[in-house]
Amino acid sequence: VAPTTPVCEVPISAMTGTVVQMSCKETEGSPPSEYQWYKNGVALLEKTATGSARAANITYTMNKKSGTLLFNTVTKNDTGEYFCEASNGIGLSQKCSVKRMQV
């Protein structure tokens, strides 16, 4: 079964240095969907254990299975427009509406 449009929860504003968790969920897809978060239209990278220089700048943890995007300490750089996409390999992937977070 193809995924339905996911429900995204993105805070409108956050204080610098606080913990922020965004969530994305859809329940119709079978097999269960995987979730990909985007910021300003660009796919966010999943942090890997390789510890590469590029990953060192990543201040979030993205869980593709649960759809959560967790920022341990948000910075002004995290301000932007976020949305998430659910896909399970069947039918078209579905995106939620874009939501802006101001830090």
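The values are calculated or read from the model by the stated rules, or taken from the named source; none is laboratory data. Everything numeric in this text was worked out from a predicted model, so none of it was measured. Ligands, DNA and RNA are excluded from the accessible area calculation, which covers all protein heavy atoms including side chains. Shrake-Rupley method; radii C 1.70, N 1.55, O 1.52, S 1.80 Å.
Numbers below:
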| read-out | value |
| --- | --- |
| Accessible-area value, Ile58, 1.4 Å probe, nucleic acids and ligands omitted, Å² | 20 |
| Long-range HN-HN contacts of Thr4 with modeled amide H, under 5 Å | Thr27, Glu28, Gly29 |
| Integer Hz, Karplus 6.51/-1.76/1.60 couplings in order for segment 28-37, x for Gly and Pro | 7, x, 9, x, x, 6, 9, 10, 10, 8 |
| Helical mean residue ellipticity (222 nm; -39500 (n - 2.57) per DSSP H run of 4+; nearest 500) of the chain | -500 deg cm²/dmol |
| Reachable aspartates and glutamates from Lys39, criterion Cα separation under 18 angstrom, eight or more residues apart if same chain | Glu9, Asp78, Glu81, Glu85 |
| Cα gyration tensor shape of segment 7-101, rounded if a/c is under 1.5, else prolate or oblate by comparing a/b with b/c | oblate |
